[in-house]
């Protein structure tokens, strides 16, 4: 009997201890920031390193060499570009430090604390994306993204009726070399197709949770990038049949997202591979790199790897400044195209923004 009576007390004390630790280590102060205009469209992001802000000093501390190396302070993720160029129209939330380590996050979740998020990072409040996130991280595990976002959205449901959630995930499963090797040999490779189906299932679960709580919030489903176009892989898959197999395999994921968007009210599909092809093109008939360069004002951007702004891809294999600025522009056009009150970023704005980040010495041009 004594043990039975003590158990609730132990659980209460454990809960109090965890809550105390979460409070001590939890969300950092956002600092003095200007509140967004009431009409600003709230925008949330679920995903992986393709959306994790580069200026996160927790994940990418000064001197780490990550996300731009010597050019880090002038290298921005697409979310950071949108926040700067559409500050009055889009609201990604205040810039702040938040999140727990996974052990504390699991403890908080076990106590039913939906607000607990992981990992710890510095980012916009509604940007749940973090580097290395697999598709399962959308709704499962200590670092799940949807549930903490829904907790935030529930604090202002009326605002989110005209808001948007962008889901851009899948690179952890569909970018590794061994995955692409499998598709290159067989576009219908069973293991690779199971991974694709698993990701689609996770995205569908995420969409279902968001739609159930917020029926009018727009959801953008971003297709997968074909990482055979990454400079890191230029020495591989030097044949048209292999590249076509990879493309056909990835088509299955995009087709699933298109179908999900089509049957989900207030949802749309963004074609990431088409965006890339429209700018840099692709490989030649025999599989060798045959990419175009893209000119932004005084800068000629090639599909090459390096931290200087002239490279589309950073030395750590993530999109560079110019590519992210162009992606932010494409997303602004997409949001306007689905009826959200967002003025598309024009070419002159992209040019001014990118050129403003170029070193005065001309290095990296």
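The values are calculated or read from the model by the stated rules, or taken from the named source; none is laboratory data. As the structure is a prediction and not an experimental result, all values here were calculated from the model. FYI the Cβ positions are ideal-geometry reconstructions off the backbone, even for glycines, and counts take in every protein chain you see.
If I ask for residues that are in contact with a helix residue (DSSP H, G or I) (Cβ under 8 Å, 6 or more places away or on another chain) and not in a loop (DSSP other than H, G, I, E, B), which ones from segment 324-343 would you list? Scanning segment 324-343 gives 324, 325, 326, 327, 328, 329, 330, 331, 332. Filtered by the rule that a residue be out of contact with any strand residue (DSSP E or B) (no Cβ under 9 Å at 6 or more places or on another chain) and either modelled with pLDDT of 85 or more or within 20 Å of residue 207 (Cα to Cα) (or both), segment 97-115 gives 114, 115. Selection over segment 160-180 of residues that are more than 19 Å from residue 319 (Cα to Cα), surrounded by fewer than 17 Cβ atoms within 10 Å (Cβ to Cβ) and touching a residue at least 40 places away in the same chain (Cβ under 8 Å) gives a count of 2. The residue pairs whose first member lies in segment 287-314 and is at positive phi and touching a residue at least 40 places away in the same chain (Cβ under 8 Å), whose second member is assigned to a loop (DSSP other than H, G, I, E, B) and surrounded by fewer than 18 Cβ atoms within 10 Å (Cβ to Cβ), and whose beta carbons are closer than 6 Å, counting only pairs six or more residues apart or on different chains, are 287/238; 287/239. Residues in segment 50-94 that are closer than 19 Å to residue 149 by Cβ, in contact with a helix residue (DSSP H, G or I) (Cβ under 8 Å, 6 or more places away or on another chain) and surrounded by fewer than 22 Cβ atoms within 10 Å (Cβ to Cβ): 1 in all.
Against the list (1) within 15 Å of the chain's Cα centre (by Cα); (2) surrounded by 16 or more Cβ atoms within 10 Å (Cβ to Cβ), the condition residue 132 fails is (2).
Determine, yes or no, whether residue 165 is within 24 Å of residue 207 (Cα to Cα), at pLDDT 95 or above and in contact with a strand residue (DSSP E or B) (Cβ under 6 Å, 6 or more places away or on another chain). Working first, answer last.
On the way: within 24 Å of residue 207 (Cα to Cα): yes; at pLDDT 95 or above: yes; in contact with a strand residue (DSSP E or B) (Cβ under 6 Å, 6 or more places away or on another chain): yes.
Yes; evaluated as a whole, the condition is true for this residue.
Taken as a whole, the condition of being modelled with pLDDT of 95 or more and over 24 Å from residue 93 (Cα atoms) applies to residue 180. Candidates 359, 341: the one that is more than 28 Å from residue 174 (Cβ to Cβ), over 23 Å from the mean Cα position of the chain (by Cα) and surrounded by fewer than 16 Cβ atoms within 10 Å (Cβ to Cβ) is 359.
Here residue 136 passes the criteria (1) assigned to a helix (DSSP H, G or I); (2) in contact with a helix residue (DSSP H, G or I) (Cβ under 9 Å, 6 or more places away or on another chain); (3) within 18 Å of residue 43 (Cβ to Cβ) except the one numbered (3).
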